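> First the structure, which I've put down as structure tokens, then a few questions once you've had a look.
The values are calculated or read from the model by the stated rules, or taken from the named source; none is laboratory data. The structure presented is a predicted model; accordingly, all values stated were derived computationally and were not measured. We place every Cβ from the backbone using ideal geometry, glycine too, and count neighbours over all the protein chains shown. Keep in mind that these areas ignore ligands, DNA and RNA; they rest on the heavy atoms of the full protein, side chains included. Shrake-Rupley method; radii C 1.70, N 1.55, O 1.52, S 1.80 Å.
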Amino acid sequence: MTTTKALKLACIGCGARAQTYATLAARRPEQFEIVAGADPVPERVEKLRVISGRTDFRGFPDAEALLAAGKLADVAIVATQDNDHYRCCTGALRLGYNVLLEKPISTCVEQVLEIQRLARQMDRRVMVCFVLRFAAFYRKVKEIIDSGVLGEIVSIQASEGVMPWHQAHSFVRGHWSVVQKSSPMILSKCCHDTDIVHWLVGRRCRRVASFGSLEYFRPERAPSGTPARCTDGCPVGDTCPYNALRYIGDMRTPWLGMVYDRAQEASPDEITAWLRTSPWGRCVYRCDNDAVDRQVLALEFEGGVTGTFTMTAFANGRHIEVYGTRGVLKGGETYRHHFGTHLILIPHEGEATRYTVQAEDGGYELHGGGDPGLVNALYDEMTSPPGSPLAASLDSTVHSHLITFAAEEARVTGRTVALVQ
Ligand SMILES: NC(=O)c1ccc[n+]([C@@H]2O[C@H](COP(=O)([O-])OP(=O)(O)OC[C@H]3O[C@@H](n4cnc5c(N)ncnc54)[C@H](O)[C@@H]3O)[C@@H](O)[C@H]2O)c1
């Protein structure tokens, strides 16, 4: 740390992510002061004001108004939706803000590269919210790889089980269900995974092939007689795992809270009325979604290291296997949930070692401690001397995005795509 002065933070977008980061930052008043927030939904600006605990907190109706007020803080937290990142991030950089930028950096490759160019030109720092890099689990994986105990890394295999309800909430009914309005699944959800694989391998990716499609959440899969909305008397409502009325009960926390500002205090009648018109009340087989529900990637890294990644709606949690010349490392959600350990290191000769990691502040719900880990790292990332290595620097995360763009091109064209950068 080079200074003990608190960093001033301004939130552009005050939705679910901004509230998470602001809540964590507010616990460290010696490091952070949340001084401003902008969002077209006044209740969300109010939430930020309450979280900030400051009487001089300044609220704005949108990003444009906040940026028009000049530079109000040291760091702008850009937590608007994917398609708005470019506009908000470049606007903040031009004013001289350092930026904590939600992933993805942007939804098209030209804008990702332009943000990188502008950050260099303005000599500003952009920290990308790849929270998994800060999660205790992946930190341990990285530590084990870097220790050399696995020998030379030959291959890596990663998977992400999005979980059926999460898929339905976010990628069938929700913000990231229509690719044109947001971005392809491999970018909107799985840029975390391409980033983790790239970060762990520590080499640039040379080529990628990919297959995937939307097969399950389609109209022809709808059970017979199902209406357009779960509130309209669905004949299979009692047994359907995707029944939107679950937002009133077991899916109220955290899911409803991510999309309905009055989630905690609303009565069942109020939520039912909201479901009658909201996207989250629609039958999952009768939405306008086109995000894939499965996708695989085959990756080749410099030095001939190979990798695979599988995304599926129909599993729960992330897993990783790292194959080295001296041993194999395996771990993830299934190990934690069913076997009481997080990671198993299996040398090619000798006994296996089990590792259990402690997720900070709230554990797996907060990305395995990644959210608090990222906020803990933010201060040092933004105040370390020029030239210091950063844990989630823009330069190291741009390549992770290039992998996703190449993967989507490979999936759509059926060709193997070479990365140029
Ligand atoms: N790092 C992670 O693990 C992670 C997890 C989930 C989402 N995300 C990303 O975080 C971002 C935000 O996601 P979220 O779930 O918080 O969404 P959200 O919809 O809850 O928040 C976005 C907010 O931006 C506001 N907004 C819209 N137009 C605006 C404008 N012109 N000016 C200011 N605010 C504006 C919206 O009203 C909304 O409150 C997305 O890019 C998403 O992909 C990251």
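> Length gain on complete extension for the stretch E64 to R94, per 0.36 nm per residue less the alpha carbon to alpha carbon distance?
9.5 nm
> So what J values fall out for segment 112-119 if you push phi through Karplus, 6.51 cos²θ - 1.76 cosθ + 1.60 with θ = phi - 60°, rounded to Hz, Gly and Pro as x?
Rounded to whole hertz, the list is 4, 5, 5, 4, 4, 5, 5, 4.
> At 222 nm, what value in deg cm²/dmol follows for the chain if DSSP H runs of at least 4 each add -39500 (n - 2.57) and the sum is divided by all its residues, to the nearest 500? Show your work: numbers first, answer last.
Values: 12 runs with 128 residues, N = 421.
Helices in the chain give a 222 nm mean residue ellipticity of -9000 deg cm²/dmol.
> Could the peptides 86-93, 28-35 be put in order, highest first, of the mean number of other beta-carbon atoms found within 10 Å of their residues?
Peptide ranking by packing, descending: 86-93, 28-35.
> Restricting to the chain, what percent of DSSP beta bridges are antiparallel, rounded to 5? If you can, show how the numbers build up before the last one.
Details: 41 of 68 bridges.
If we restrict to bridges inside the chain, about 60 percent are antiparallel.
> Using alpha carbon centroids, what distance separates segment 373-389 and segment 189-235, in Å?
Going from one Cα centre to the other spans 33 Å.
> Most fluctuating residue of H401, H169, H338 in a GNM of the chain with Cα springs under 10 Å: which is it?
H338
> H338 to E321: extension gain in nm, 0.36 nm per residue of separation minus the Cα-Cα distance? Present the calculation step by step, with values, prior to reporting the outcome.
Values: separation 17, 0.36 × 17 = 6.12 nm, distance 1.70 nm.
Residue separation times 0.36 nm, minus the Cα-Cα distance, leaves 4.4 nm.
> Further question: Rank-order 376-388, 289-301 by packing density, defined as the average count of other C-beta atoms within 10 Å over each peptide's residues, highest first.
Top to bottom by mean Cβ count within 10 Å: 289-301, 376-388.
> Quick one: which residues, 5+ away or cross-chain, put their amide H under 5 Å from the amide H of I34? H built at 1.01 Å from N.
L9
> With every protein chain left in place, what is the accessible area per residue of segment 220-281 in square angstrom, probe 1.4 Å? Spell out each step's value before the answer.
Details: 3300 Å² over 62 residues.
About 53 Å² of surface per residue is accessible.
> Rounded to the nearest 0.05, what FRET efficiency is calculated for R54 and D380 with R0 set to 22 Å and r the Cβ-Cβ distance?
It comes to 0.45.
> If you roll a 1.4 Å probe over the heavy atoms of the protein chains, what accessible area per residue do you get for segment 7-128, in Å²?
40
> Carbon and sulfur together cover what percent of the accessible area of segment 225-299 at a 1.4 Å probe radius?
Working: 1920 of 3500 Å².
With neighbouring chains kept in place, the figure for segment 225-299 is 55 percent.
> For the pair E152 and R203, how long in nm is the line joining their label points, each one 7 Å along Cα→Cβ?
Reported label-point gap for E152 and R203 is 0.9 nm.
> As an exercise, use a Förster radius of 22 Å and the Cβ-Cβ distance of V178 and S213 to find the FRET efficiency, rounded to the nearest 0.05.
Once rounded, the FRET efficiency stands at 0.90.
> So between L118 and K142, what do we pick up on full extension, going 0.36 nm a residue minus the alpha carbon distance?
5.6 nm
> How far apart, in nm, are the 7 Å Cα→Cβ label points at T356 and S267?
Once both label points are built, they end up 4.6 nm from each other.
> Return the long-range amide H neighbours of G327 (sequence gap of 5 or more, or a different chain), with a cut-off of under 5 Å between placed amide H atoms.
Those lying under 5 Å, H to H, from G327 are H348.
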